[in-house]
Amino acid sequence: MDRGGDAKRERRSDEDRLSNLPESLLCQIMLNIPTKDVVKSSVLSRRWRNLWRYVPGLNVEYSEFLDYNAFVSFVDRFLGVERESCFERFRLRYDCDEEERTISNVKRWINIVVNQKLKVLDVLDYTWGNEEVQIPPSVYTCESLVSMKLCNVILPNPKFISLPLVKAIELDIVKFANALVLENLISSCLALENLIISRSSVDDIDVLRVRSRSLLRFKHIGNCSDGWEGCEVEIDAPKLEYLNISDHSTAKFRIKNSGSLVEANINIIFNMEELPDPNNRPKRKMIQDFLAEISSVKKLFISSHTLEVIFDLSCELPVFHNLSSLHIDFEDHSLTMLSTFLQSCPNLKSLVVEFKDSSEEDGVGVLSIPRCFSTTLEYVKIERPITGEARGMKLVTYILENSAILKKLTLSLKSSREKEESVILKELLTISRLSTSCKVVVSEPRSCWVLA
């Protein structure tokens with residue numbers, strides 16, 4: 001048998017199938033791979049020789065080139081090709097010392113692709129130098145643009161904004177010519193659905209206003225270690241369905257018109273690194289108002305940091321009537337914090353708990369039993385391993401002994417110096433269950449036990 005010949009024929013067959021695809025489809029496939037590899041494909045056959053010229057996008061990184069001149073020459077050559085179709089995607093990553101030349105070249109390249117009906121602009125500056133590229137104003141009137149992702153650049157003050165098709169904006173450590181640039185950009189994109197902003201102190205925005213009639217998803221990340229005591233974020237987006245905030249720096253968050261909100265992921269401390277003053281009524285009122293505005297969600301993640309601020313300030317919790325799925329992290333805080341929060345979730349069906357197991361007693365006697373334990377809670381997952389310590393076993397006991405219609409509790413084990421996994425399993429079997437149909441699933445990377 002000629003196995004070598006068979007293998008060659010198979011490879012030729014695969015190549016033929018690829019080559020037989022329509023040119024438009026091949027160009028779309030090439031759009032998703034690095035442009036340097038696209039150009040290399042020209043040696044495959046006569047048909048592929050000039051195919052790279054028709055790919056409607058550039059995907060290039062400076063690190064792929066031997067020197068700066070080769071990088072610039074390659075991009076210039078690719079952008080110099082005349083194309084009949086629009087330029088769908090411009091993805092550029094650069095990290096080079098030629099700051100002045102880079103600033104000039106990147107602005108020139110962006111202007112070229114904007115004039116070719118660009119759909120996706122994706123520019124990331126890895127240099128983190130003293131001089132950033134200022135995005136040319138022509139971007140603000142690129143009416144074909146659908147998505148914009150920028151990192152470590154400057155957005156200038158717009159004279160006019162016309163971006164009727166933009167649905168997604170992602171800004172990572174971007175500077176702005178003035179405090180109103182971002183606010184005007186957001187409110188002027190009338191089709192905007194997805195907004196991600198990762199901020200640091202360089203943006204110099206005291207009050208970030210997110211006002212949008214079309215926005216569906218918003219993620220806000222604060223990366224300032226010094227805190228922004230005077231800074232706040234105001235959100236007015238009546239169609240907003242998903243909210244994700246991870247920010248330990250911003251002092252105030254305010255939300256209006258949040259009736260459409262379905263899911264929230266909250267990890268904020270309202271710039272309160274030190275022990276909060278329980279008599280700080282304005283701060284308490286602001287946090288209570290914030291919680292009330294997200295209380296319509298069906299799915300919620302809340303961090304231990306946020307919980308700590310809520311309870312240290314004795315904030316009054318709203319009732320989360322619609323909440324069916326909760327992921328709560330209470331780290332090494334008292335189980336009372338968990339039981340108290342669950343009192344505000346009367347219709348909860350699914351609960352994921354993150355905590356830190358320890359040998360220290362929780363210090364709480366009888367825990368209150370939330371209503372959902374008796375009427376709605378069906379699934380519980382304990383995210384971190386149970387080591388058989390007092391705290392972890394108390395949590396498991398609390399859930400199993402008080403959940404009337406629980407169907408499944410999922411957890412994992414980790415041996416400690418005091419107890420092997422087999423010992424922990426035996427202890428789990430001795431815990432009584434209020435629900436007769438409850439299964440305890442002990443999940444491990446290589447095995448799984450069901451304690452029926």
| task | Leaving ligands, DNA and RNA out of it, work out the accessible area of residue 333 with a 1.4 Å probe and give it in Å² to the nearest 10. | result | 40 Å²
| task | Please give the per residue accessible area of region 125-269, computed with a probe of 1.4 Å over protein heavy atoms only, in Å². | result | 41 Å²
| Per residue, how much accessible area does region 327-441 show when a 1.4 Å probe rolls over the protein heavy atoms, in square angstrom? | 46 Å²
| If we count every other residue with Cβ under 13 angstrom of residue 302's Cβ, Lys/Arg +1 and Asp/Glu -1, where does the sum land? | -4
| task | Leaving ligands, DNA and RNA out of it, report the carbon-plus-sulfur percent of the accessible area of region 251-339 at a 1.4 Å probe. | result | 45 percent
| query | What's the local net charge at residue 347, with K and R +1, D and E -1, over the other residues with C-beta under 10 Å away? | reply | +3
| said: So, R0 is 41 Å and r is the distance between the beta-carbons of residue 334 and residue 190; what FRET efficiency does that work out to, to 0.05? | reply: 0.30
| remark: Quick note, region 268-314: a/c under 1.5 would make it rounded; otherwise a/b > b/c is prolate and the rest oblate (a ≥ b ≥ c, C-alpha gyration tensor); here it is oblate
| field | Proximal charge balance of residue 134 [Cβ under 12 Å; K/R count +1, D/E count -1] | value | -1
| task | Pop the C-beta distance of residue 162 and residue 99 into the FRET formula with R0 = 22 Å and round what comes out to the nearest 0.05. | result | 0.10
| said: If you average the alpha carbon positions of region 76-126 and of region 312-355, how far apart do those two centres end up, in angstrom? | reply: 48 Å
| query | Given H placed 1.01 Å from N in the peptide plane, which residues other than close sequence neighbours of residue 410 have an amide H under 5 Å from its amide H? | reply | 380, 381, 382, 441
| said: What do you get for GluC sites (Glu not before Pro) in region 298-405 restricted to DSSP loop and a cutoff of at most 11 other Cβ within 10 Å of the site's Cβ? | reply: 360, 361
| query | Once phi is turned into θ = phi - 60°, what whole-Hz ³J(HN,Hα) does the Karplus curve with 6.51, -1.76 and 1.60 give for every residue of region 301-317, x standing for Gly and Pro? | reply | 10, 9, 7, 5, 5, 5, 4, 4, 5, 4, 7, 5, 8, 6, 5, 7, 7
| field | Gain on full stretching of the segment that runs from residue 115 to residue 219 - 0.36 nm per residue minus C-alpha separation | value | 34.4 nm
| query | How much of the accessible area of region 51-131, in percent, comes from carbon and sulfur atoms when a 1.4 Å probe is used? | reply | 42 percent
| note | For region 285-350, using Cα atoms only, the Rg and Dmax in Å read 11.0, 29
| request: Assuming R0 = 45 Å, can you tell me the calculated FRET efficiency for the pair residue 414 and residue 138, based on Cβ-Cβ distance, to the nearest 0.05? | output: 0.20
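The values are calculated or read from the model by the stated rules, or taken from the named source; none is laboratory data. In this text the structure is predicted, and so the values were computed from the model without any measurement. For neighbour counting, all protein chains shown are included, and Cβ atoms are generated from backbone atoms with ideal geometry for every residue, glycine included. The area values use the complete protein model at the heavy-atom level, side chains included, leaving out ligands, DNA and RNA. Shrake-Rupley method; radii C 1.70, N 1.55, O 1.52, S 1.80 Å.
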